[in-house]
Amino acid sequence: MAEATAGGPGREGGEQDTPPAAKRRRLQGGGAERFVPPPRKLNPGVSFSEAHFAETSYYFEDGLRKVRPYYFDFQTYCKGRWVGKSLLHFFASEFRAHPLAYYRVAARAGRLRLNEQPVRDLDVVLKNNDFLRNTAHRHEPPVTAQPIQVLAENDEMVVVDKPSSLPVHPCGRFRHNTVIFILGKEHNLKELHTIHRLDRMTSGVLMFAKTLEVSKRIDEQVRQRQLEKEYVCRVLGEFPENEVVCEEPILVVSYKVGVCRVDPKGKSCKTVFQRLSYNGKTSVVKCFPHTGRTHQIRVHLQFLGHPIVNDPIYNMEAWGPAKGKGGKIDKTDEELLKALVEEHNAKLSFDMLDISEEGLKLSTGSKDQDSSGSCTQTVEVTAITENSCGTEDSKSQEDSSQNSYSKPETSETGCEEASPSGTLDGDIEEKDPLCAECKIIRQDPSPKELVMYLHALRYKGAEFEYCSKMPDWALEDWEECQELKL
């Protein structure tokens, strides 16, 4: 899996492809000259390295895999829409997860850098090619401690059985608690290319290519829909015995929160369902997606009135009495998102939406799409967005920002440098004086809450076929847990 680096103007913000030569330019309104260096030539094919893996370490507790908090540099080149704006305006409009007071303190502490120089004055005006670096104290949500099983490995591919709750690659709040990082750190499997992708909460067969050539070859099979994909799930109610075909189009309601619904304006898709068993309360169903839209299986099952038993999005009361059956919602998109956020807020289950608590607040404040339908998400310093990490089957998109480790320096103003506080298993656990997350005590989810009953059972292509075993919850003699609310 290659970590792409920020590529300079023209890569994301629509600026000119050829960067102008370095020169000294005056700030708007006159004033001192400020040198803007030319963009560095960064190799977009550089893989995650040992330096990335060494940023922090794992520990295991109560059936969960946890990541020790660590310092991390978010880096990006100035986007076109930021040029001519002050840093203060930039943070106020693009980085609303923190109050402006935080960024003022962070600047005084030397954690904000412009063209690799500490920036104290947030009134400085951004220019084309400016390179920004923000050092943050990063916390990652826990995931299941269930190990990643390698199903097959040869000269061309690596195939694993992905546990539920693990994103495939770094996205949103997840970096080390991802399949890519765990394979690199614990299995010495590096420089992998993502062929397809699974939702964070979906378990099962996940394939990686070892070379770009193999990735392109299999990706072409994906594009031509030559892959046979077979999933299994457990849904509410008595699913019809006969084969069911659902071809309802699917529309993304919010990229930030990761919510979709059936809508005539959505993208065409097709899923075939076949019931395997029914125990009087729930049914085990095989699913054969012919397309790979975001949350396709989950949305189609909701539309049919049989949502996945423990789906943290599509089996929620927020959808109304019918829970979205037949496309009946009786809410605007904004009202639906607000209801979902409020329901998760009441349950303190922020991580089920894959966004931070601050992101939950922002998600109800504005739409994720403009009038043209294009995504207008609130930008993090990295190009990775706070969205749901993946689709049932979609091509991975590379991280387009360069990220690296850097411990903050001691401020000239005397602002306290982050210092180690407390130990865990003999290792130092960092506590940061500027980090709001360090001051919050969150209740961990139980391992059971990190499992969703949707599993990728089999992937078959022209030259391969990979299968995983049927999960326990899909067996015919499996009994419902009494704690499960149906």
* Asked: Which whole number in µm²/s is D for the stretch 71-138 by Stokes-Einstein, with the Kirkwood Rh taken over Cα pairs at 37 °C and 0.692 mPa s?
  -> 276 µm²/s
* Asked: What accessible area per residue, rounded to a whole number of Å², is obtained for the stretch 280-347 using a probe radius of 1.4 Å?
  -> 38 Å²
* **residue 465 versus residue 101: modelled label distance in nm, points set 7 Å from Cα along the beta carbon direction** => 6.4 nm
* Kindly write out, for the stretch 216-232 in residue order, the coupling ³J(HN,Hα) from the Karplus curve 6.51 cos²θ - 1.76 cosθ + 1.60 (θ = phi - 60°), rounded to whole Hz, with x marking Gly and Pro. => 5, 5, 6, 4, 5, 5, 5, 4, 7, 6, 9, 7, 9, 10, 10, 10, 9
* To do: Measure off 7 Å from each Cα along the Cα-to-Cβ vector at residue 448 and residue 150, then give the distance between these two points in nanometres to one decimal.
  => 3.4 nm
* Considering only protein heavy atoms and a 1.4 Å probe, what is the carbon-and-sulfur percentage of the accessible area of the stretch 228-285? -> 44 percent
* Give or take rounding to whole Å, what are the principal axis extents of the alpha carbon atoms in the stretch 171-268, in descending order? -> 45, 32, 30
* If you roll a 1.4 Å probe over the stretch 294-346 with all protein chains in place, what percent of the accessible area is carbon or sulfur? -> 50 percent
* Structure fact -> For the stretch 94-170, the percent of accessible surface on carbon and sulfur atoms (probe 1.4 angstrom, ligands and nucleic acids excluded) is 48 percent
* Cross-link table 190/256; 281/331; 185/439; 66/431; 338/448; 162/469, entries beyond 18 Å C-alpha to C-alpha -> 190/256; 281/331; 185/439; 338/448
* Peptide ranges 436-449, 187-200 listed from the most packed, as the mean C-beta count within 10 angstrom indicates -> 187-200, 436-449
* **Whole-number accessible area per residue in Å² for the stretch 194-241, which is evaluated in the context of all protein chains at 1.4 Å** => 38 Å²
* **Segments 162-171, 128-137 sorted - mean Cβ within 10 Å per residue, highest first** => 162-171, 128-137
* Asked: What is the gain in length, in nm to one decimal, between residue 431 and residue 274 on full extension, counting 0.36 nm per residue of separation less the C-alpha to C-alpha distance?
  -> 51.4 nm
* Structure fact -> The answer for the stretch 71-138, accessible area per residue at 1.4 Å probe in Å², is 35 Å²
* Distance between Cα centroids, the stretch 179-231 to the stretch 257-327: provide it in whole Å. => 24 Å
* Asked: To the nearest 20 debye, what charge dipole does the stretch 250-316 have about its Cα centre, counting +1 at the Cβ of each Lys and Arg and -1 at the Cβ of each Asp and Glu?
  -> 120 debye
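The values are calculated or read from the model by the stated rules, or taken from the named source; none is laboratory data. None of these values were measured; they are calculated from a predicted model. Glycine gets a Cβ as well: all are built from the backbone with ideal geometry, and neighbour counts include every protein chain shown. These area figures cover heavy atoms from the full protein model, side chains too; ligands, DNA and RNA do not enter into them. Shrake-Rupley method; radii C 1.70, N 1.55, O 1.52, S 1.80 Å.
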